[in-house]
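The structure under discussion appears below in the form of structure tokens.
The values are calculated or read from the model by the stated rules, or taken from the named source; none is laboratory data. Here the structure is a predicted model, which is why all the values come from computation and not from measurement. Virtual Cβ from ideal backbone geometry, glycine too; neighbours counted across all protein chains shown.
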Amino acid sequence: MKQLASNEKVLMKGNEALAEAAIQAGCRHFFGYPITPQTEVAAYMAKRMPKIGGTYLQAESEVAAINMVYGAAAAGVRAMTSSSSPGISLKTEGISYLAGADLPALIVNVQRGSPGLGGIQPSQADYWQATKAPGHGDLHILVFAPSTIQEMVDMVFDAFELADTYRMPAMILADGMLGQMMEPISFPEKQVKQFDKFSWASCGHQGKRSHNVVNSLYLKPEQLEQMIQDRFQRYAEIQEKHTQWEEYLVEDADLVVVAYGATSRIVRSAINTARNQDYKVGMIRPKTLWPYPTKAIQQAAQHVKGFLSVEMSMGQMVDDVRLAVNGKVPVSFFGHTGGVVPTPAEVLAEIKKLLGGNQ
Amino acid sequence: MLEHLKPITIIVGHYGSGKTNLAVNLALDRKAAGQDVALVDLDTVNPYFRSADFKGLAEQAGIELVAPVYAGTNLDIPSLTARLDALIESGRPLVIDVGGDDAGAAALGRYSGLIREQGAYDLLYVVNRYRYLTRTAPEALEILWEIQKASRLQVTGVVNNSNLGEITTPEDVADTDTFAKETAESCQAPLLAVSVNRRFAASVGDLLRDRKIYPISIYVKKPWE
């Protein structure tokens, strides 16, 4: 395949950009199962992996795929799986095991309408699942929320690196719109950081150490508690160092809209129109959903008159906005669910409704 | 517009090459030229960004839109409609928007016998040099082979739809002419035209004086555009 020149732009679909970025970030082990609207991730991997000496395996189910990721990660290689909402539910047991065994891996969720089998149009109704309970137990996973195809690429690199640094699972939480749409992108030229996993991975001891066991079963309560407490210390460090967000026209804003992913593109468009009509409105866009930019919202709460969370759900992230605002100013919600995408006109109307007297 | 196309015009290509946008433009242009054209969405692979999304636009223009029964709904079942058999047999002008790659072309294979019987068809291969997996003529040819094998039909023309989405410049398009020429040669089919955003079609025309320019409107958009 022809090498890309430095900064050369190509036009890519979100799903294939995720897959190619993972390959360029050194992932050579993909285990998946088809489901709309993420199937192109698997289809792309099926085409590319054999040509570069990697492994693509279509598992017999999502449960099998996530456990293959567990095995590959335990052997010390970069491993990945992808699915869409119902399939992610099937993977949650495996995600908890990954977290409990301190294993790095990348899980992609291209969300669709839910609950149950739901629909196949875009949604953000898996926010609670991704950020509160991606599996059973006391645990967090890193959750990245890209809003452009370029960010999907960049965040795949970040996600693998942070997952390896802190030895924990990372998720890219996208949606059907991002997965299916096309945008021009370029691939970063950065050197992929190498991690020495010999000390903990089950990759052969070469006679240099006793054999490693990768496991999440600890039957002594005191030992299990200690492990979880150590893990939560690492979580606190991640919250301190790796929370990512973008602020857009927040400084003089009376109203701050909080939105992530594809929805933030719709909100930005509405804000631009509102600003032209002299409404003082801005946006805080979380780029990581765990860790969540609580401090940025707290800070904005010092000077704004209210917040509006816009989501493709019945209102899930709005809980975290309320926790951050802690009753200081009103927090409203607007959204659609089930695969219905809010329009810029609807968001604009909501902004005007809230800022009615403030123009 | 693209003149002298046979009554049945079939659009195939790598997914994301711009098939749907081209198909919608062709259908509207043929209708405006007085042909009683129907637009057929044959995409059984991708539920997003497809011809069926333009039902309103087609209806407004008086174009019959033929789509899988469940297109645009939340039902994850690709299905074909019997209406298409009747339309192909009727000899009426058709623009058929096929799903991407060989996976999408498999549905076209189901109709290949019927289409060959009719005789008068064009199979247009849409290429975009800025798509990551089709940046060289050999790569584009490989995908065409797979499409021809799955569809059991032969390409009759190549349309260069190279673009970088919203950031495309006339120079970006002109730069792809050699690629398009090489691709057409290796596909053993004529390079019919370069399809270009109407806004800067004239500028591309200045840069590519010997090439047929097909100005198109951009209908496939994102919710915030």
Check: So which residues in the range A:303-321 are of a type in the set (D, E, K, R), surrounded by fewer than 18 Cβ atoms within 10 Å (Cβ to Cβ) and within 21 Å of the chain's Cα centre (by Cα), if there are any at all?
Finding: A:Asp319
Next item on the list: Scan A:Arg285, A:Arg265 and give me the residue that is modelled with pLDDT of 95 or more and either on the phi > 0 side of the Ramachandran plot or more than 14 Å from the chain's Cα centre (by Cα) (or both).
Entry: A:Arg265
Margin query: Looking only at the range A:1-38, filter to residues that are in contact with a strand residue (DSSP E or B) (Cβ under 9 Å, 6 or more places away or on another chain) and among the polar types (S, T, N, Q); which one of those is nearest to B:Asn46 (Cα to Cα)?
Written below: A:Thr36
Check: Name the residues in the range A:43-67 that are within 14 Å of chain B (Cβ to nearest Cβ) and surrounded by fewer than 17 Cβ atoms within 10 Å (Cβ to Cβ), would you?
Finding: A:Ala46, A:Lys47, A:Lys51, A:Ile52
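Matching residues to (1) within 24 Å of A:Arg112 (Cα to Cα); (2) acidic (Asp, Glu); (3) in a loop (DSSP other than H, G, I, E, B):
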site: A:Ala170; (1), (2), (3): yes, no, no
site: A:Gly179; (1), (2), (3): yes, no, no
site: A:Glu189; (1), (2), (3): no, yes, yes
site: A:Lys193; (1), (2), (3): no, no, yes
site: A:Phe198; (1), (2), (3): no, no, yes
site: A:Lys208; (1), (2), (3): no, no, yes
site: A:Val213; (1), (2), (3): no, no, yes
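Given the residues A:Thr92, A:Thr148, A:Thr165, which is the only one that is surrounded by fewer than 24 Cβ atoms within 10 Å (Cβ to Cβ), modelled with pLDDT of 95 or more, more than 28 Å from A:Gln233 (Cα to Cα) and assigned by TED's automatic domain parsing to the domain that holds A:Lys197? First the steps, then the outcome.
Numbers: A:Thr92 fails: more than 28 Å from A:Gln233 (Cα to Cα); A:Thr165 fails: more than 28 Å from A:Gln233 (Cα to Cα).
Only one candidate passes the filter, namely A:Thr148.
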Notebook entry, point to check: Is there a residue being more than 19 Å from A:Leu289 (Cβ to Cβ), touching a residue at least 40 places away in the same chain (Cβ under 8 Å) and assigned by TED's automatic domain parsing to the domain that holds A:Asp102 anywhere in the range A:203-214?
Noted result: yes
Checklist line | Any chance A:Glu246 is outside any helix (DSSP H, G or I), modelled with pLDDT of 95 or more and closer than 30 Å to A:Leu178 by Cβ | finding: yes
Next item on the list: Check A:Met317, A:Met283 and return the single one that is touching a residue at least 60 places away in the same chain (Cβ under 8 Å) and not assigned by TED's automatic domain parsing to the domain that holds A:Gln121.
Entry: A:Met317
Note to self: Can you say whether A:Thr343 is polar (S, T, N, Q), surrounded by fewer than 21 Cβ atoms within 10 Å (Cβ to Cβ) and within 14 Å of another protein chain (Cβ to nearest Cβ), as far as the supplied structure shows?
What the structure shows: yes
Margin query: As an exercise: evaluate B:Arg92 against (1) touching a residue at least 40 places away in the same chain (Cβ under 8 Å); (2) away from every other protein chain (no Cβ under 14 Å); (3) in contact with a Gly (Cβ under 9 Å, 6 or more places away or on another chain) and give the number of the one condition it does not meet.
Written below: (3)
Next item on the list: Identify the residue in the range A:21-42 that is part of a helix (DSSP H, G or I) and buried (at least 23 other Cβ atoms within 10 Å of the Cβ) and, among all such residues, is nearest to the other protein chains (Cβ to nearest Cβ).
Entry: A:Glu40
Item checked: Candidate set from the range B:106-126 (those that are hydrophobic (A, V, I, L, M, F, W, C) and in contact with a strand residue (DSSP E or B) (Cβ under 6 Å, 6 or more places away or on another chain)); member that is farthest from the other protein chains (Cβ to nearest Cβ) -> B:Ile115
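Consider B:Glu171 carefully, then state whether it is in a helix (DSSP H, G or I), over 26 Å from B:Arg199 (Cβ atoms), touching a Ser or Thr at 6+ places or on another chain (Cβ under 9 Å) and not hydrophobic (A, V, I, L, M, F, W, C).
no
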Notebook entry, point to check: What number of residues within the range A:98-117 are assigned to a loop (DSSP other than H, G, I, E, B) and either farther than 15 Å from A:Leu162 by Cβ or without any contact (Cβ under 8 Å) to a residue 60 or more places away in the chain (or both)?
Noted result: 6
Next item on the list: Kindly list, by first and then second residue, each pair from a residue in the range A:119-137 that is away from chain B (no Cβ under 14 Å) to a residue that is surrounded by 14 or more Cβ atoms within 10 Å (Cβ to Cβ) and among the β-branched types (Val, Ile, Thr), limited to pairs with Cβ atoms under 6 Å and residues at least 6 apart or on different chains.
Entry: A:Ala130/A:Val143; A:Thr131/A:Val143; A:Pro134/A:Ile95; A:Pro134/A:Ile141; A:Gly135/A:Thr92; A:Gly135/A:Ile95
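Going by the structure shown, is A:Gly26 under 18 Å from the mean Cα position of the chain (by Cα) and over 21 Å from A:Glu93 (Cα atoms)?
Numbers: under 18 Å from the mean Cα position of the chain (by Cα): no; over 21 Å from A:Glu93 (Cα atoms): yes.
Criteria not met by A:Gly26.
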